[in-house]
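Undergrad: After the structure tokens below, expect a handful of questions from me.
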């Protein structure tokens, strides 16, 4: 039997934050509020923005499907998934409870206004590269994409994310970029202007799944997996302080700001993904401020 659950903003968020407070209390050895009332609930926010990372809760032991993926479920019933930049439809998870009963829960997606950003001064060879360079770019991007398929049970994604570097936000997620008058893809992350050599710190814990100092487009590139399909990527680095397979803690230095690859000045490009779905790091870091 399939039933449908859709929680309103007040009730869902009240239950969500009570549950979240309990998890934090248990993590730090404090007195935790009772989870009895919510332990059989499916909890999602009622509304999220395009580009959001969505954290929810299902009964422990449930099986959850979303957008063709079988979601990991933590020991506390935590789930996470991403909402794409251009998604407009309500998004639904399908939950099979430990009892075998199937339910659905939905979240409404709120659209955002995506501005156009013009970037001039980029070398013409990087806007329209010759065939041999285009082939190199394809190979490199395929390697990065493969690293994003990782689906560890680690739960770094549930930490309070911190800023990897301090500086002016010089480019925002989702903006349509036009390079030297030629339209490019939407910006997949957030640019933070900072001097070359500024330490870049892990915004949350995880494991390094990709590290290369010299990709054609993105220069020094590091991919940090936070678990459950959530990962961060750090581009244009002038130096790398980690290698593939390294486990890093929140705040650990993983590299240095630079202007390598296709960049017009020193900055950190911080991108985030849920598998192949790009999400907005600014929404993630603001979630806990």
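Undergrad: In the stretch 78-207, if every C-alpha pair distance is counted and binned at 5 Å from zero, what percent goes to each bin?
TA: Calculated P(r), rounded to whole percents: 2, 7, 10, 13, 18, 20, 13, 8, 5, 3, 2, 1, 0.
Undergrad: If you take the C-alpha gyration tensor of the stretch 224-277, multiply each eigenvalue by 5 and take the square root, what semi-axes do you get, largest first, in whole Å?
TA: Each semi-axis is the square root of five times an eigenvalue, giving 20, 15, 8 Å.
Undergrad: Taking only the alpha-carbon positions of the stretch 199-289 and ignoring solvent, what does the Debye formula give for the base-10 log of I(q)/I(0) at q = 0.16, 0.20, 0.21 Å⁻¹?
TA: With one equal scatterer per Cα and no solvent, log10 I(q)/I(0) is -0.58, -0.92, -1.01.
Undergrad: Taking R0 as 35 Å, what's the FRET efficiency between residue 63 and residue 89 from their Cβ-Cβ distance, rounded to 0.05?
TA: 0.95
Undergrad: I've got another one for you. Between residue 75 and residue 96, 0.36 nm times their residue separation minus their Cα-Cα distance comes to what?
TA: Taking residue 75 through residue 96 to full extension adds about 6.0 nm, to one decimal.
Undergrad: Quick one: divide the alpha-carbon radius of gyration of the stretch 139-202 by 2.2 N^0.38 Å and tell me what you get.
TA: Taking N as the residue count of the stretch 139-202, the ratio is 1.43.
Undergrad: Taking N as the number of residues in the stretch 116-286, what is its alpha-carbon radius of gyration divided by 2.2 N^0.38 Å?
TA: Relative to the rule-of-thumb radius for its length, the stretch 116-286 sits at 0.97.
Undergrad: Here's a follow-up. For residue 128 and residue 214 in the same chain, what is the full-extension length gain: residue separation times 0.36 nm, less their Cα-Cα distance, in nm?
TA: Separation in residues times 0.36 nm, less the Cα-Cα distance, equals 29.1 nm.
Undergrad: Once the piece of chain linking residue 193 and residue 139 is laid out straight, how much longer is it, given 0.36 nm per residue of separation minus the C-alpha distance between them?
TA: Answer, rounded to one decimal: 16.6 nm.
Undergrad: Once you put a point 7 Å from the Cα of residue 180 and another 7 Å from the Cα of residue 163, both along the Cβ direction, what distance in nm separates them?
TA: In this crude label model, residue 180 to residue 163 measures out at 3.3 nm.
Every read-out reported here was derived from the displayed coordinates using simple, explicitly stated rules and does not represent laboratory data. From a predicted model like this one, the values you see are computed outputs, not experimental measurements. Cβ atoms come from the backbone with ideal geometry, glycine included; neighbour counts cover every protein chain shown.
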